[in-house]
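Encoded as structure tokens, the structure appears first; notes follow it.
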Amino acid sequence: MNAERLFSKLPPFLVEALTALGLIVVPFVLPYLDFAPNTVNRILVWGLFGIGFDILFGYTGLLSFGQSALYGTGGFVAAYLLTQAGFPHVITALMIGMIVAAVVGYLVGLIALRRTGIYFAMITVAIAEIFYFVEFNPLAEWTGGENGLPGVPTPSLNLGFATLNFTSGWSLYPFLAFCYFIGIVIALRIVRSPVGAVLRAIRENPLRAAAVGHNIHGYKLTAFVIAAAYAGLAGGLLGVLQAFMPPEAFTFDTSGQLVIQTAIGGRGTLFGPLLGAAVWLFLRDFLQATMGLGASWKLVLGIVFVLLVFFLRQGIIGGVRDLYRFVRGKAATPVEPKEESPVPGLTAEQEQKAAEAEVARQRAAAPMPARHPARSRLTGPILQTTGLSKHYGGLVANADINFAVKQGEVRGIIGPNGAGKTTFFKMLTCEVHPSAGKITFEGRDITGMSVTDVCQLGLTKSYQVNQLFNRLTVRENLTIAALAELRGKFRLDLLARLTKIRGLSEQVQHTLELVNLAGRADTPVSQLAYGEKRRLEVGLALASSPSLLLLDEPLAGMSPRERVETVKLLKSISQGRTMIIVDHDMASLFELAERITMLHEGRVLVEGTPDEIKRNADVQEAYLGGVHEVVHA
Amino acid sequence: MITWPNFLSQLFNGLALGALLALISSGLTIIYGTLGVLNLAHGAMFMLGGYAGYVAFEATGSFIVAVIAGALFVGIVGVVMERVIIRHFYGRPHEDQLLVTFGLAICFVEIVRFFFSSLSKTVPPPSLFSGITSLGVMFYPTYRLAVVGIVAVALLVLFLVLYRTRLGMIVRAGIEDSTMVDSLGINVDRVFMLVFGIGAMAAGFAGIVNAPVVSLTPDMGESILVQTFVVVVIGGVGSFPGAVLGGLIAGEIISLTSMVNPSYAYVMLFAAMTLVLMVRPHGLLGTRGRE
């Protein structure tokens, strides 16, 4: 039951088949474990409710405490149709309830997703509370207020030759189990689809997910609507299960119970909420009845929950998974990365020479073409800024920068700390919007555009501080970046298979080889050495095959050996691509760049070939002689 | 029917509720602003303050003792909670912090339910403020007027702590840029503990001061927590003036809408929050420091 990884090594449909088998076996086994049929049915409803929530929380990282609003909405719409409006068909009513919940979810999401993190959690709590009050008072005429809606009928299915009636207990079980099965099959498709990949990326690093070209707001809203649809259906099934739609469905306790069950079972697993619900309901029955604790069983639950969050953050399924890995890890010792192997006693210089020799032996991966080869015939500069300025209050970070880079050029940018290089770069990628001035990229005015749109046009950046998707593997990281180019910034291919996307695996594989990480493709980022992370950082920018690549201090913090490797890497990717590099390593930059621009105190000081820069008195002045060392090295 | 006296008395109700919300929200917001932890057990702190005060009142019969006991007890609970649990969560994701404080809230509520049952408890107002006062056009419960005064004093004390002491300066700096404060060599560990204690104390103090107005139940903190969230969203996370402004706005919205139709009070509150989110996503007086 591992739905965590994007690229599953399991045979196709194994999880689905096991789920079906499990659901079929349950009525024959659980009665022996003292599970009442109604408890099992309830677990299924909570489990189904939780599938959607897990996509929102476990996969996208959005913790909502307001799911009760959507659960109640779906439930009351279906119950109203069946009890008050005289609607005859139960399954259709459930579908309508689900759709209404999804639509409401869309509207709620529009508001709640204006903010992230704790703001999002607070807003969802507030919204859910409003729904509760609205159900109780203004809408009491339709919802029965505090009495709820009694008399919700159970479904029956006319198969032509026979009619299946699902009533209660084990007789209702097949219907609920079928709903759950369909729910899990769809959810498995979603989390393995390109959308599922982007959702994980948003959980891990929303800023980078946007920077590689995904419309993260759209995808978050998608996850919210998916969760709402699951909640709506589950709410409707609750009414069917109890033959009564209780107003308690709308309470904060409902949302809280869902959150707790998901955290207990294990988030990001899809099956966690089902397991969590089983634990919750079993604990309740056991502590209340068998142990005679009465109402204070919740205290035990609270303590168990706190301990669980403390020690077993990925819940029961996560704990079992870690244990399994631990046991297996002991059996087969993992291969250590042989990244850092400095021979003691060697000077930096000797080491660098040795590294150069080794790098020279390695086969050079063919450079990956930049996209839009047609546009490479575009005349004039690929990027141009006029009068670009940025003020922070009275502080001038950049003033009146006129800057142009030719098609296919490699440009270096240097300048002492505080010269405004990073602000300048952020303006070029539209992370920061200029106070004045204009930026044109490939002849198009991009001033004021979003990072995502600019990346979609083919301009992206590798960051000074690594911005990776940490809990994902190297391959998954690059897949996410490549998807942005192959699918555009937003597409709802919820049921598509990643493996079916044309060109994806080739592009990812190519990038892997280019940044020399092919051997580490299935390693999680958190286990990479620093140099490897640095190369992946460049790889993320490369995987969307940009026509203009900005590199913010790609060599920072690297060992001499890593520097040599990276310079070689940068040289190879610069073929057929325009690059702008900011770095403090002058020697490397002079080797790489055709022209150098020097920024000083927020302005362009000089611009010229590396040789001109080396000889320039102003540059030497600005660096207070710092250049000499590098020049003579 | 809406009459002048009715309107005025609702205006005062709004002021009393608003002042109370302002105090509770200030506690929540300085904890979040400084520590980066949204305390979902903050409503439970409010409830605990009420119950601790109730116990002290039953034992001594003195309202003053009850207020001091309520505030101090919750302050201590806050410090212990921070030392034992919360500090292990500073480095963990927001979701984990939310989950653990949510779990703690359940524990607090259930412990109180265990000892005091679900039945409501009442604390009478002190004799000094009992009865009603004539405000010219109308009569108004004296204690509710006193609540406004008491809470105003508490807010002033909090203001002085935040704006006139070294600790307050560190707290405000931490809200602006927590990384910078860390790197300045300030003993953030001790500051965090104090801030958590003070924030919890604000909620506990509000809990016991409010006890004569509404009866105590174990889950009374929940709706207060929700209102506090709205206040913080309206005012801006991490902003003390924002919490005060947001509290007063929320209090008046709830009271004045209740005058027309009580069932729409929350709807209007929500509408106000949505409006603020649309126009000023960071709240009326919010900073961009914490995200």
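For region A:567-606, a residue qualifies if it is open to solvent by 70 Å² or more (accessible area, probe 1.4 Å) and assigned to a strand (DSSP E or B), and the qualifying residues are A:Arg595, A:Arg603. Of all the residues in region A:77-94, those that are more than 18 Å from A:Gly144 (Cα to Cα), touching a residue at least 40 places away in the same chain (Cβ under 8 Å) and open to solvent by 40 Å² or more (accessible area, probe 1.4 Å) number 1. Restricting the first member to region A:102-114 and to residues that are within 11 Å of A:Ala223 (Cα to Cα) and aromatic (Phe, Trp, Tyr), and the second to residues that are open to solvent by 20 Å² or more (accessible area, probe 1.4 Å) and assigned to a helix (DSSP H, G or I), the beta-carbon pairs closer than 7 Å and six or more apart or on different chains are A:Tyr106/A:Val225. Given the conditions (1) under 24 Å from A:Leu570 (Cβ atoms); (2) crowded, with 20+ Cβ neighbours inside 10 Å, which single one is not true for A:Pro434? Unmet condition: (1). Checked against (1) open to solvent by 10 Å² or more (accessible area, probe 1.4 Å); (2) among the β-branched types (Val, Ile, Thr); (3) in contact with a helix residue (DSSP H, G or I) (Cβ under 9 Å, 6 or more places away or on another chain); (4) more than 8 Å from every other protein chain (Cβ to nearest Cβ), B:Val279 passes all but a single condition, namely (3). Where helices (runs of 4 or more DSSP H) fall entirely within region A:188-246, those with at least 1 residues that are among the hydroxyl-bearing types (Ser, Thr, Tyr) are at A:216-242.
Among the residues of region A:472-522, those identified as of a type in the set (Lys, Arg) and open to solvent by less than 70 Å² (accessible area, probe 1.4 Å) are A:Arg475, A:Arg487, A:Arg520.
Which pairs have Cβ atoms under 6 Å, sit 6 or more apart or on different chains, and link a residue in region B:11-29 that is farther than 20 Å from B:Ser239 by Cβ to one that is part of a helix (DSSP H, G or I) and of a type in the set (Val, Ile, Thr)? What qualifies is B:Leu15/B:Val148; B:Ala16/B:Val147; B:Ala16/B:Val148. Only one entry of A:Arg475, A:Arg491 meets the criterion of being touching an Asp or Glu at 6+ places or on another chain (Cβ under 7 Å), more than 24 Å from A:Lys426 (Cβ to Cβ) and at pLDDT 90 or above, and that entry is A:Arg475.
The listed residues are A:Ile118, A:Ile111, and the only one of them that is of a type in the set (A, V, I, L, M), under 29 Å from the mean Cα position of the chain (by Cα) and at pLDDT 85 or above turns out to be A:Ile111. For region A:37-76, a residue qualifies if it is hydroxyl-bearing (Ser, Thr, Tyr) and buried (at least 24 other Cβ atoms within 10 Å of the Cβ), and the qualifying residues are A:Tyr59, A:Thr60, A:Ser64, A:Ser68, A:Tyr71, A:Thr73. You will find that of A:Gly218, A:Gly213, the residue that is within 24 Å of the chain's Cα centre (by Cα), away from chain B (no Cβ under 14 Å) and surrounded by fewer than 24 Cβ atoms within 10 Å (Cβ to Cβ) is A:Gly218 and no other.
Considering only region A:304-312, I want to know if a residue exists there that is at pLDDT below 90, in a loop (DSSP other than H, G, I, E, B) and over 24 Å from the mean Cα position of the chain (by Cα). No; the residues of region A:304-312 include none that is at pLDDT below 90, in a loop (DSSP other than H, G, I, E, B) and over 24 Å from the mean Cα position of the chain (by Cα). Just a yes or no: is a residue in region A:172-190 more than 28 Å from A:Thr39 (Cβ to Cβ), open to solvent by less than 50 Å² (accessible area, probe 1.4 Å) and β-branched (Val, Ile, Thr)? Yes, because at least one residue in region A:172-190 is more than 28 Å from A:Thr39 (Cβ to Cβ), open to solvent by less than 50 Å² (accessible area, probe 1.4 Å) and β-branched (Val, Ile, Thr). Do the conditions hold for A:Phe65, that is, is it closer than 25 Å to A:Leu149 by Cα, away from every other protein chain (no Cβ under 14 Å) and in contact (Cβ under 8 Å) with a residue 12 or more places away in the chain? No: the conditions fail for A:Phe65. Take the residues of region A:255-282 that are within 11 Å of chain B (Cβ to nearest Cβ) and part of a helix (DSSP H, G or I): which is most open to solvent (accessible area, probe 1.4 Å)? In this case the residue turns out to be A:Gln257.
In region B:80-95, the condition of being under 22 Å from the mean Cα position of the chain (by Cα), modelled with pLDDT of 90 or more, surrounded by fewer than 23 Cβ atoms within 10 Å (Cβ to Cβ) and at the interface with another protein chain (Cβ under 8 Å from one of its Cβ atoms) is met by at least one residue. Taking the listed residues A:Glu146, A:Glu204, A:Glu129, the one that is charged (D, E, K, R) and more than 25 Å from A:Tyr106 (Cα to Cα) is A:Glu146, with no other qualifying.
Of the helices (runs of 4 or more DSSP H) contained entirely in region A:85-170, those carrying at least 1 residues that are within 14 Å of chain B (Cβ to nearest Cβ) and among the acidic types (Asp, Glu) fall at A:117-136, A:140-143.
Checking B:Gly197, B:Gly174 one by one, the residue that is under 18 Å from the mean Cα position of the chain (by Cα), away from chain A (no Cβ under 13 Å) and either buried (at least 19 other Cβ atoms within 10 Å of the Cβ) or among the acidic types (Asp, Glu) (or both) is B:Gly197 and no other. Of all residues in region B:248-276, those satisfying the criterion of being more than 10 Å from chain A (Cβ to nearest Cβ) and more than 22 Å from the chain's Cα centre (by Cα) are B:Met259, B:Val260, B:Leu275.
Conditions tested, residue by residue: (1) of a type in the set (Val, Ile, Thr); (2) under 30 Å from A:Phe250 (Cα atoms); (3) modelled with pLDDT of 90 or more.
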| residue | (1), (2), (3) |
| --- | --- |
| A:Met1 | no, no, no |
| A:Pro11 | no, no, no |
| A:Tyr32 | no, no, no |
| A:Phe35 | no, yes, no |
| A:Trp46 | no, yes, yes |
| A:Phe57 | no, yes, yes |
| A:Gly61 | no, yes, yes |
| A:Ser64 | no, yes, yes |
| A:Ala79 | no, yes, yes |
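Summed over region B:219-238, the residues that are more than 10 Å from chain A (Cβ to nearest Cβ) and either on the phi > 0 side of the Ramachandran plot or in a loop (DSSP other than H, G, I, E, B) (or both) give a count of 2. Take the residues in region A:302-314 that are more than 7 Å from chain B (Cβ to nearest Cβ) and closer than 15 Å to A:Gln257 by Cβ, then tell me which one is least open to solvent (accessible area, probe 1.4 Å). Per the stated criteria, the residue is A:Leu308.
The values are calculated or read from the model by the stated rules, or taken from the named source; none is laboratory data. Only a predicted model underlies this, so the values are computations on that prediction, with no experimental measurement involved. With ideal geometry, Cβ positions are generated from the backbone for all residues, glycine too; neighbour counts draw on all protein chains shown. For the accessible areas, the whole protein counts, side chains as well, though only heavy atoms, and no ligand, DNA or RNA atoms are used. Shrake-Rupley method; radii C 1.70, N 1.55, O 1.52, S 1.80 Å.
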